[in-house]
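For reference, the structure discussed in these notes is given below.
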Amino acid sequence: MNLFGKSQNEKAEFLRQKNNDLVEENLRILDSTITTAYRLNNKTVLSEAYIDKGNYFLTQRNYSNALKNFTISSNISKEIKNDFTYYSALVGIAKAKENLTEINASIKLYEESLTYFEKSKSQPKAFSLYLTILGQLTYLYGKTNNITKSEYYNKIELAETKDTVNYQYALKNKGIIDFYKKDYRSAFYTIKKAQQTFWKLNDIKWYTISEQFLGEILYQEKKNKEAKEYFDNVIEFSKQYNILDEEIRLSYERVIEYNEMYGNNQDKLVAVNNLLSFDSLFYISDNIILKPNIDKYENAFLKTERNQLKEKNRTYKMLAFFSLVCVVVISCVVIFKTNQKLKRKQSSLLESIDNISSSNSREAAFNKLKRSNDNIILDQDFEESLLLFEKQELFLNPKVSLNDLVIELNANRSVVSNYINRSRSKNFNQYINQLRINHILKRLESEPNLRKYTIDALAEEIGFNSRKTFSDAFLEHTGFRPSNYIKKFDF
């Protein structure tokens, strides 16, 4: 399914269905293993299978089911006195509780498990879990502003991983601690150094999260322009690699703040849409969230903000339109006065012609002067007014019409229409439609986010009052329907 041009609900539904298909297949395999273990009464395999199932639900961010399966594993492991699976299950429970915002309970379980894995760290699997626990304790204590404890576990982590690739992850944690301590220079240098390794290891997720912290450091130092470059990178990587992590959501918010700060309304509108897309995809991929709750996560404030920005843009365009009308009216006054002078000359000349020429000669002279009179209307001032109309994109106003121009110009409708026909080789409606279609083609090329709009939204964006009118005009101008044209960007 092509997601371009689909609404948030349609994209969410597609992702949900795709995710559900994968869940069903993987759960089928896991449940088959559990069923076999029960039949063979192999409780060791059974406890390990429940850990696998818990870890799978963790990746799906289905934390309640993850907690349930880890708890079953811990009970079975305790029954058969298998310490490794028991404490492995406790680590799983700690992760689930951490994501369910039960931070204190999570820390307690991590510390309880740490003692066992420290004694067993000579075993590769145990050592891996040992480092995971140290990293999580460093992170959680830092997040709860207990810097002393955070530094304590980080020092152990650094010592245990020295001269290994894991050292860079411990170093990254040190940088985050420095960030919480507001030692921004040290934090920036340390995280930047660790980030280089993440790129080499193709760990795009941690590279992107590091980019988020680097941007936030610069933001806290009031280096807004430099910070925005990092936030833009985070958003780009998030989209390109489908990274949906709560940490990086801040980048989307910061870009909105930056554009608001500097009055970049159009860029802010794009940034608001980006955040709405992130929230929709982030929360929809969480199985706890049901379809009826989608709208709750399309933040009401952001929706209002987006609508306000659209209204501001419309107001600006209307003001620009009235400014154009003033320019055109002034031009028409000049033209009118010139016409009056011409008519007086014409009248005088006709009297002379009447005296020295036959009626046929008089008629020919009159027609010649009439054509000269028409040409006054088709002068440079009127052309410049139309060019200003195009430059200020007043054609995006959905209510713009030939009658508006005729009334404001105080000119004859046929004269205005005739000028557009001659200068643009189109009638007024065709002329407006062409301007609108050219406008949207340029934006589709330069603004990838726009390709995610529905056809109705695209039509509204450029002033069309209906999807059909837009689609027909698009077809006439490009030879493609909008949806088919947008598909070419997939390749």
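Coordinate-derived values only; no laboratory data. All figures in this text were calculated on a predicted structure; none of them were measured in a lab. All Cβ positions, even for glycine, are placed from backbone atoms using ideal geometry, and neighbour counts span all protein chains on display.
At-a-glance table
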| read-out | value |
| --- | --- |
| Test item: Cα-centred dipole of the range 407-491, Lys/Arg +1 and Asp/Glu -1 on Cβ, debye | 200 debye |
| Low-density loop cleavage sites - trypsin sites (Lys or Arg not before Pro) in the range 80-148, where at most 11 other Cβ are within 10 Å (DSSP) | K81 |
| Cα-centred dipole magnitude for the range 81-211, charges only on beta-carbon of K, R (+1) and D, E (-1), debye, nearest 20 | 220 debye |
| Most positive-pole-ward Cα, T148, L137, A159, against dipole of the range 129-245 from beta carbon charges | T148 |
| Full-extension gain in nm, R481 to I103, via 0.36 nm per residue minus C-alpha separation | 130.8 nm |
| Taking the C-alpha atoms of the range 30-158, convex hull volume expressed per residue in Å³ | 100 Å³ |
| Above-threshold pairs, the threshold being 31 Å between Cα atoms, out of K97/K172; K399/K452; K43/K205; K391/K488; K223/K488; K97/K125 | K43/K205; K223/K488 |
| Low-density loop positions, chymotrypsin sites (Phe, Trp or Tyr not before Pro), the range 419-473 - DSSP coil, at most 10 other Cβ in 10 Å | none |
| Protection proxy ranking, peptides 150-160, 442-452, average beta carbon neighbours within 10 Å, highest first | 150-160, 442-452 |
| Ranked packing of 70-76, 210-216, most packed first, by mean Cβ within 10 Å | 210-216, 70-76 |
| Lys/Arg +1, Asp/Glu -1 at C-beta; the range 109-190 dipole; positive extreme among L109, S120, Y184 | Y184 |
| Ordering of 58-67, 32-41, 194-203 by burial proxy (mean other Cβ atoms within 10 Å per residue, highest first) | 58-67, 194-203, 32-41 |
| Label point distance in nm, D245-R28, each placed 7 Å from Cα along Cα→Cβ | 3.3 nm |
